[in-house]
1. Any idea how far apart Glu109 and His280 come out in nm if each label point goes 7 Å out from Cα toward Cβ?
2. What does the convex hull of the alpha-carbon atoms of segment 159-283 project to on average, in nm²?
3. Can you give the net charge of the other residues whose Cβ lies under 12 Å from the Cβ of Ala163, counting K and R as +1 and D and E as -1?
4. Full-extension gain between Thr220 and Ala87, please, as 0.36 nm times their residue separation minus the C-alpha to C-alpha distance.
5. Under a plain spin-label model, where a point goes 7 Å from the Cα along Cα-to-Cβ, how far apart in nm are Arg295 and Phe262?
6. Between Lys181 and Asp120, what FRET efficiency comes out of the Förster formula 1/(1 + (r/R0)^6) with R0 = 41 Å and r the beta carbon distance, rounded to 0.05?
Amino acid sequence: MRNSNGEDCFAGIARTAETAQAGGDPLGRPCRCLPAAISHQRGGMSVQMTSGQTESGTTDRKFANTLARGLGVLRAFRASDNGLTHAEIAKRTGLPKPTISRLTYTLCELGYLVHGGRNDRFRLGPAAVALGSVAGLSVGFVDHASEQMQALADRTGTLALIAVRDGARMLLAKTWRPEGKSTIWLDPGYRIPMYGSSSGMAVLASMDDDRFAGLENADTLVSFRRQGYDQLLGQGFVITPRDLRYTGTVNAVSVPYFANEFGESVAFTCGASPADLPTHRMLAEVGPALRDTVRALEQNTGHAAALIRRG
């Protein structure tokens, strides 16, 4: 499972991803602190912590706010960060600095963060790294897919990735960069909006009705979900309509894969700049190739197709 420092990424696309992480959801939905992803390389997010609210926005007395806030601090870290200050963590989480001070002290004591000195930055500690490693090893389909997804990235010249649902956003959990080619590069841990992304469309389209109904603002996603469902039935992959895309700097095609480990689908996606991945390439070449790759993975892992799981 290879990674990269991302020296050749397009700055404009990276800034778009940063904007998406900072709260740029076209529907204005807040992010919730929900279970994140399989990668220990955490992304950042701007989130106002609410009092005991579940994903659907209802109040839950069992919800542990302090725990959610502590996990939110850990999730503020991105793979590309060289540590974070208190102020940076506060900005990314939306929590007040006194609260951040208490949380970082506790996380340092437990080994989830490390801090070199008075003016040094906080970094993920050995306990966080160990937890991420265990989580990564427990998700077997990533290893099964790695060789095929790298080959697909090389063959199509696109950034191939797995995105998982994280509240109202999609989190990039694993990426494969094409060998010897300059393309977009986003680190694992980046978040993009669910609404307006092909990854989000693929996951929503394959989601069962009960789970979908439990999403916050599900009524605003009905048409978006239906369009994805129709595309999956007709061609086996989804492309967000141009007028609904959250950014004009990336073209992407996605296919859902039902992950037993999460109890719902994740999205396998190939993306590039519009110049490198125009619509006709997505429809005639990259989309079918991605669809066939995911179907082969389903056969190798003994999984039914995501739409069959939806029922």
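Read-outs: derived from the displayed coordinates by stated rules, not from any lab. Bear in mind the structure is a predicted one, so any value in this text is a computation, not a measurement. Cβ atoms come from the backbone with ideal geometry, glycine included; neighbour counts cover every protein chain shown.
1. Label-label distance for Glu109 and His280, simple model: 6.4 nm.
2. Values: hull surface 30.1 nm².
With every direction weighted equally, the projected area is 7.5 nm².
3. Details: positive: Arg165, Arg169, Lys174, Arg191; negative: Asp166.
With Lys, Arg at +1 and Asp, Glu at -1, the net is +3.
4. Working: separation 133, 0.36 × 133 = 47.88 nm, distance 3.41 nm.
Taking 0.36 nm per residue and subtracting the Cα distance, the gain is 44.5 nm.
5. Output for this residue pair reads 2.3 nm.
6. Details: r = 38 Å, r/R0 = 0.92.
Given R0 = 41 Å and the Cβ-Cβ separation, E is 0.60.
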